[in-house]
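The values are calculated or read from the model by the stated rules, or taken from the named source; none is laboratory data. Small disclaimer: the values here were computed from a predicted structure and weren't measured. When we count neighbours, we look across all protein chains shown, and the Cβ atoms used for this are built from the backbone with ideal geometry, even at glycine.
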Amino acid sequence: MIQSMTGFGKSLLQLPSKKITVEIKSLNSKSLDLNARIPGQYREKELHLRNLLAKSLTRGKVDFSLYVEITGEETTASVNPAVVKKYIQQLRAIVDGDETELLKMAVRMPDVLKTEREEIDETEFASIEDAVIEALEEINKFRYDEGYALEKDLKFRVANIENLLVEIIAMDPERIAGVRERLAKGVADLKEKVDENRFEQELVYYIEKFDITEEKVRLDNHLNYFKEALDSEDSNGRKLGFISQEMGREINTIGSKSNFFPMQQLVVQMKDELEKIKEQLLNVL
């Protein structure tokens with residue numbers, strides 16, 4: 001079954017002193033384009049998280065966000081008393097002010113707050129990793145659901161092309177008869193005596209140039225191959241894209257060889273259905 005590249009997954013994790021929110025969203029892309037927003041304290045785990053995402057999502061423009069909200073008394077920032085006292089000392093030498101006012105000015109100065117680098121708690125990170133996996137499961141379910149809708153539409157478009165091909169096959173004898181008739185009329189209008197055997201040979205040669213038997217057979221094979229690929233276990237948008245290109249070549253050749261307006265109308269409808277297929281395939285994983 002095919003998968004869509006569009007999806008969204010979210011997971012919430014409540015720890016004793018912080019709330020973790022994991023969000024993953026993806027859109028279509030030719031390859032994996034991963035953008036990760038990770039707080040500084042977990043930066044050393046970024047490569048691990050990227051590998052986890054790449055293994056699960058494979059393709060798509062993916063935005064991964066890890067939000068941390070402190071809910072307890074935990075903080076990595078603290079006031080540097082020595083720096084504050086030094087600032088107050090310097091300010092007192094410049095202006096004669098109230099101690100509280102000098103303190104208000106001092107705490108706005110650089111380096112008053114010092115931030116200590118917090119070591120990652122491996123138990124805590126294991127819980128975060130579980131939350132990421134939960135969000136991945138959600139986005140993949142979303143992708144499968146979207147893929148089911150895409151598959152239904154693709155099969156509908158392929159069935160339409162198959163029906164149009166049946167109509168083309170049915171009208172082909174009429175087209176060939178029309179070609180013979182026009183050629184015979186053209187020769188008759190010349191009012192010249194011709195060698196019937198030679199004329200028949202030339203007629204056969206000319207009609208062979210307009211023969212679309214091979215194109216009809218190949219297009220039918222491509223349509224069947226496309227349906228087989230849709231029903232296969234692995235979701236492969238690139239493979240389906242290649243098959244659709246081959247379908248387009250056969251449809252274009254039928255159109256250029258047809259030389260018959262009713263058949264050209266059917267070819268235009270085929271091209272319209274194929275364009276809709278190609279648009280949908282841009283979003284298939």
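The figures follow:
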read-out: Residue tally, condition surrounded by fewer than 16 Cβ atoms within 10 Å (Cβ to Cβ), touching a helix residue (DSSP H, G or I) at 6+ places or on another chain (Cβ under 8 Å) and within 25 Å of residue 59 (Cβ to Cβ), over region 247-277; value: 1
read-out: Condition met for residue 55 (in the same structural domain as residue 126 (by TED's automatic domain parsing), free of Cβ contacts under 8 Å to residues at least 24 places away in the same chain and out of contact with any Gly (no Cβ under 9 Å at 6 or more places or on another chain)); value: yes
read-out: Strands (runs of 3 or more DSSP E) contained entirely in region 1-56, each with at least 2 residues that are closer than 16 Å to residue 133 by Cα and more than 16 Å from the chain's Cα centre (by Cα); value: 7-14, 18-27
read-out: Region 73-96 - residue that is assigned to a loop (DSSP other than H, G, I, E, B) and at pLDDT 70 or above and, of those, nearest to residue 18 (Cα to Cα); value: 80
read-out: Residues (modelled with pLDDT of 65 or more and either closer than 22 Å to residue 221 by Cβ or surrounded by 12 or more Cβ atoms within 10 Å (Cβ to Cβ) (or both)) located in region 175-199; value: 175, 176, 178, 179, 180, 183, 184
read-out: Residue that is outside the structural domain of residue 274 (by TED's automatic domain parsing) and at pLDDT below 75, where the choices are 126, 131, 106, 135; value: 106
read-out: Matching option when the condition is of a type in the set (Ser, Thr, Tyr) and in contact (Cβ under 8 Å) with a residue 24 or more places away in the chain, among 232, 244; value: 244
